[in-house]
Structure formats: C-alpha cells, structure tokens
1. Could you work out the Kirkwood radius for the stretch 56-146, taking every pair of different alpha carbons, averaging 1/r and inverting it, reported in Å?
2. So if I restrict to the alpha-carbon atoms in the stretch 83-190, what is the Rg, and what is Dmax, the biggest pairwise distance, in Å?
3. Can you give the accessible area of Ile86 in Å² (nearest 10), computed on protein heavy atoms with a 1.4 Å probe?
4. May I ask you to derive the FRET efficiency for Ala115 and Leu19 from their Cβ-Cβ distance with R0 = 45 Å, giving the value to the nearest 0.05?
5. Apply the Karplus curve 6.51 cos²θ - 1.76 cosθ + 1.60, θ = phi - 60°, to the phi angles in the stretch 69-82 and return the couplings in whole Hz, x for Gly and Pro.
6. Sticking with the crude label model, points 7 Å out along Cα→Cβ, report the distance from Asp176 to Thr8 in nm, one decimal please.
7. Search the structure for amide H atoms under 5 Å from the amide H of Leu118, placed 1.01 Å from N in the peptide plane, and list their residues when 5 or more places away or on another chain.
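The values are calculated or read from the model by the stated rules, or taken from the named source; none is laboratory data. Predicted model only: the values in this text are computed from it and were never measured. For neighbour counting, all protein chains shown are included, and Cβ atoms are generated from backbone atoms with ideal geometry for every residue, glycine included. Surface accessibility is based on the protein's heavy atoms, side chains included, excluding ligands, DNA and RNA. Shrake-Rupley method; radii C 1.70, N 1.55, O 1.52, S 1.80 Å.
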Amino acid sequence: ANPDSGATIVDNGDSTATLTFADNAPADVKIYAVNTFPGNIPVFAVEKRTSEDRAIISGGDTELHRQYTVTARNTGSAGGDLPEIIDHPGVPPEGFRLNGVDVDEQPAVALGGGAYRLGSGDHLDPGQEKQYRVTVHYAVDPNAITASGRDALGSCDDGNDPDPTRGLYNKVTMEDDADGPENNDACTTAELRGSLSWDKGDAEGNLLAG
C-alpha cells in the first residue's frame, strides 16, 4: 500500500515466498498478501465402463436393464470432496422408454433433462478411488421398434464424437474432470429375436400391400 516501501517478493520454489522491504521503508507499511502459489490440492478424474454383452430382446419382453461401473479417482496430492457426478442415459431408441436409474441399488436423484446424480461430496484421500454401480432401466415394446430402430440398436458409434442414438448409449460427467471426456461414455447393442414384423402404411394409417 506504500509505494516507498521498496517491497520485493521472491518465490522460494517450495510453495513459499520471501517478502523484503527497503532498509528505509516507513514503519507504517501495510501488507496485503494473496497466495497464488499452488499447494497440495486434490485432482479428480472419472470414467465409465461396462462389461455387458449384446442384449437379446424377444417379442414378449417388456423391460431391459443395462449395468455400468463409474470410477472416480483422486490423483492429486491432497484429500478433498468429489464434485457432483452426473449420469446421462442416451436418447431412448424406438420402442424404449427410460424407466429410471439406480446407483448402488438405490434410485438415483433425477435432475431433469434425462440426467441423474450419482454422487456428490464423497471424500477421497490422495490415491483413493470410489466406484458407483449404475443400472439403467428401460421399458420395452418390441413391436414398436421399426426396421430403422432395429438397425440403430445393432451398433455403437465409437468415434471421438459418438452418436447417442446408436446402440444403448450412456455417459457420465463431472466438473473439472482431470483426464477429459474420452473415457466417460459406454455403449452396448441389442438384437431383436422372435416373430416380429413391420407393416407398411400410408399417411392415414391404411395398410399397404407388400
């Protein structure tokens, strides 16, 4: 606060600094200090995995459940509380309706917009991790699945910008995810079996030949 103090500050390289004043600095020098040196801090990362095989859907099936494992890790040098971890089931395919999400066998909190809270505020020490077992529930009407819907269910888009309408897609997000979004999504496929058929119709709902 006093320009005549001759104050200088030197970074010691160990998260400390040395503040010195001129020999003739006024005695009423006031010091306002802000610590801008990063000390030991938590660093969090999250990822999603699934070991589910292709789902087989028969004509009489009315529900389907897909399971995932979400792992949050503290890769930093200090303990801390995890940010909010949010699950985002993909766009339900034709013939499917999202029927809720469970985390560790308990209903996850719905946040609106098809998002669900998996956890928030769990404390992790350095090097510690926490896993969340996630189950996504679908109600299924096999006869409502069109030929194009059946095709979409049969494959996943595994590119850098995956298509959430392909397969049964799911992703997880967390603020300040240290290792980025590349390992935050998972997708499984489904196959319809049984005597299913599709009828052709005109715009007024009349059946067409062939």
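1. Details: mean 1/r = 0.0679 Å⁻¹.
After inverting the mean inverse Cα-Cα distance, the result is 14.7 Å.
2. Every Cα atom of the stretch 83-190 included, Rg and Dmax give 15.2, 51 Å.
3. Approximately 30 Å² for this residue.
4. Details: r = 48 Å, r/R0 = 1.06.
The calculated FRET efficiency here is 0.40.
5. The phi angles translate into 10, 10, 10, 10, 10, 9, 9, x, 10, 9, x, x, 9, 5 Hz.
6. For the pair Asp176/Thr8, the computed spacing is 3.4 nm.
7. Excluding prolines and chain starts, which carry no amide H, the hits are Ile85, Ile86, Asp87.
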